[in-house]
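Peer 1: Quick one: this structure, given as structure tokens, is what I'll be asking you about.
The values are calculated or read from the model by the stated rules, or taken from the named source; none is laboratory data. As the structure is a prediction and not an experimental result, all values here were calculated from the model. Ideal geometry is used to build each Cβ from the backbone, glycine not excepted, and the neighbour counts take in all protein chains shown. Surface areas here come from the heavy atoms of the whole protein model, side chains and all, with no ligands, DNA or RNA. Shrake-Rupley method; radii C 1.70, N 1.55, O 1.52, S 1.80 Å.
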Amino acid sequence: MGKRHYGLFTATTMLVGIVIGSGIFFRSDDVLVATGGSVARGVLVFCIAAFAIVFGGLTINNLAQLTDKPGGMITYAEEFAGKRFAAAFGWFQIFIYFPTLAVVVSWVAGIYISMLFGLGFALVGHIFLGFAWFAICFLFNIVSARMGGGFQNFSTIVKLIPLIVIGVLGVIIGDPVHAFTYTASYVSEHATNIGWLAAIAPVSFSFAGWEISTTVSSEVRDSKKNMPRALVAAPLIILFMYLIYFIGLSGLIGPSTVMELGDDSVYRAATELFGAVGARIALTFIVISVMGTVNGIILGYVRLPYAMALKGFLPGATWFSKTKGKENMPVISGLFAVVVALFWWIIHYFTQLHGVLGGANISDIAIAVSYLLFAVLYFQVFRLWRKGVVKGIRNGVIFPTLATLGSGFILMGGLQNRQFFIYVFICLIALVAGYVYFMRREK
């Protein structure tokens with residue numbers, strides 16, 4: 001794990017590739033439903049989420065520049081917030097955050113693969129197809145770092161095509177002004193309703209994963225310069241792409257149609273632009289896009305148990321920290337991640353089958369909780385600024401404050417879920433278990 005496999009381009013495409021891929025296609029209709037069809041409020045929510053990760057990235061940059069050890073956010077937690085918090089945070093990521101995100105995005109891949117080939121599958125079929133790609137991604141990321149990174153570069157370039165084409169043509173050919181007018185009329189009847197904040201949850205899903213790229217910072221060449229650049233530039237690229245697509249889609253087929261068709265709205269938009277054959281081509285790009293997102297998440301996940309084992313935050317450290325092959329890949333770490341994810345595949349199936357979480361999924365609240373934990377790291381930057389380690393009011397005060405405010409908005413979105421506190425309790429189990437394990441290990 002000591003080799004520097006990735007450059008600035010891969011670090012940036014990894015971040016863009018992890019974030020862009022499924023959420024924008026899968027959750028645009030959820031955003032409009034939550035905002036009552038308001039494109040304007042949808043745009044506002046996208047900007048809020050981008051605000052959270054831009055300033056989150058700028059804040060984390062300060063920590064990234066102070067260490068070059070492997071582990072990403074876990075390392076930052078250990079170095080600057082203490083080992084006990086790091087152990088709790090790491091267990092949350094290993095047992096809740098990463099696997100739920102990987103499972104949900106893989107499931108979305110199954111949905112669009114079924115749509116592409118006209119299979120007409122329902123939940124079980126989507127689960128089967130998604131799990132197949134999930135297993136393939138784990139296989140080649142465990143076997144080769146270069147293979148996983150190479151696919152990430154390719155899929156990131158491909159996934160920008162449908163966003164740009166549908167977005168730009170939707171703005172030019174469609175009627176975005178009418179879309180904004182429609183929503184303004186609708187929202188005026190619900191001016192006192194703050195339920196539109198529920199849109200933050202699906203949008204935060206669309207932006208989820210930006211911090212995953214930090215798990216491979218030790219494998220990025222000149223990481224103290226390249227990782228901060230990637231963490232700052234990529235969110236701005238992502239926001240631009242999302243806004244173009246969201247406005248273009250709404251302008252082309254109308255907000256009401258997007259809400260009515262749900263996941264099929266992108267196919268309708270592509271059909272109106274290019275016909276049936278062209279829509280298939282566009283859907284192919286989208287499938288590759290979602291596949292790339294799955295790969296990006298797994299690329300980071302397979303390394304996390306390895307990093308935790310090196311720090312003594314997991315039992316069986318000697319076993320987990322073993323690497324194999326010329327690239328010293330953590331095979332056992334990856335296999336452990338697979339086992340954890342299998343549990344969440346089962347949970348995801350039953351929650352979707354019985355509609356336990358309504359329109360949400362098993363990753364939504366985990367994302368909201370993760371931002372609450374990020375706020376602890378943001379505070380460490382402020383603390384280091386007071387000690388003179390972090391230089392400048394902008395880096396030590398303004399950025400952490402704005403990043404924390406952004407995390408607060410994301411948490412508010414999570415609170416709109418009726419099962420929020422039940423799911424938070426599950427998250428707390430992982431956090432407390434990690435904390436207790438490390439406490440006992442220290443004795």
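Peer 1: Please list, in order along the stretch 432-438, the HN-Hα scalar couplings obtained from phi with the Karplus expression 6.51 cos²θ - 1.76 cosθ + 1.60 (θ = phi - 60°), rounded to whole Hz, x for Gly and Pro.
Peer 2: 5, 4, x, 5, 5, 4, 5
Peer 1: For the stretch 266-278, what does the Karplus curve 6.51 cos²θ - 1.76 cosθ + 1.60, with θ = phi - 60°, yield as ³J(HN,Hα) per residue in whole Hz, taken in order and with x for Gly and Pro?
Peer 2: My calculation for the stretch 266-278 gives 5, 5, 4, 4, 5, 5, 5, 7, 10, x, 5, 5, x Hz in order.
Peer 1: In the chain, what percent of the accessible surface is made up of carbon and sulfur (1.4 Å probe, ligands and nucleic acids excluded)?
Peer 2: Solvent-exposed carbon and sulfur of the chain make up 69 percent of the total.
Peer 1: Continuing with the same structure: Strictly greater than 22 Å: what percent of every Cα pair in the stretch 243-320 meets that?
Peer 2: 48
Peer 1: Okay, helix-only estimate at 222 nm for the chain: each DSSP H run of n ≥ 4 adds -39500 (n - 2.57), divide by all residues, round to 500 deg cm²/dmol; what do you get? Please report the intermediate quantities before stating the final value.
Peer 2: Details: 19 runs with 332 residues, N = 443.
It lands at -25000 deg cm²/dmol.
Peer 1: Identify which of Val177, Val381, Val331 has the largest mean-square fluctuation in a Gaussian network model of the chain, with springs joining Cα atoms closer than 10 Å.
Peer 2: Val177
Peer 1: Let me ask something else about it. If the elastic network links every pair of Cα atoms under 10 Å, which of Ile60, Ile20, Ile281 fluctuates the most in the Gaussian network model of the chain?
Peer 2: Fluctuation is largest for Ile281.
Peer 1: Going by average Cβ density within 10 Å per residue, which order do the peptides 415-428, 96-109 take, highest to lowest? Intermediate values should be presented prior to the final figure.
Peer 2: On the way: 415-428: 16.0, 96-109: 27.8.
Taking the mean over residues of other Cβ atoms within 10 Å, the ranking is 96-109, 415-428.
Peer 1: Just to confirm the number: angle between the C-alpha axis of helix 39-64 and the first principal axis of the chain, 0 to 90 degrees, nearest 10?
Peer 2: It is inclined by approximately 20 degrees.
Peer 1: Out of residues 5 or more away from Ala208 or on other chains, whose amide H comes under 5 Å of its own, with H placed 1.01 Å from N in the peptide plane?
Peer 2: none
Peer 1: Taking a 18 Å limit on the Cα-Cα distance, which of the listed pairs Lys225/Lys391; Lys225/Lys387; Lys69/Lys225; Lys83/Lys225 fall beyond it?
Peer 2: Values: Lys225/Lys391 16 Å; Lys225/Lys387 23 Å; Lys69/Lys225 14 Å; Lys83/Lys225 26 Å.
Cα-Cα > 18 Å for Lys225/Lys387; Lys83/Lys225; rest within.
Peer 1: Normalised by the empirical 2.2 N^0.38 Å for globular proteins, what value does the Cα Rg of the stretch 377-443 take?
Peer 2: For the stretch 377-443, the normalised Cα radius of gyration is 1.52.
Peer 1: Using Cα atoms only, what is the angle between the long axis of helix 83-92 and the major principal axis of the chain, expressed in degrees (0 to 90) to the nearest 10?
Peer 2: Helix 83-92 and the main axis of the chain meet at about 40 degrees.
Peer 1: Shifting gears a bit: Rg to Rh ratio, the chain, alpha-carbon atoms and Kirkwood radius?
Peer 2: Working: Rg = 20.8 Å, Rh = 21.8 Å.
Looking at the chain, the ratio lands at 0.96.
Peer 1: Using θ = phi - 60° and the Karplus form 6.51 cos²θ - 1.76 cosθ + 1.60, what ³J(HN,Hα) does each residue of the stretch 337-342 get, whole Hz, x for Gly and Pro?
Peer 2: Along the stretch 337-342, the couplings run 4, 4, 4, 4, 5, 4 Hz.
Peer 1: Over the chain, with the other protein chains present, what is the accessible area per residue in square angstrom, probe 1.4 angstrom?
Peer 2: Numbers: 16540 Å² over 443 residues.
For the chain, the per-residue accessible area is 37 Å².
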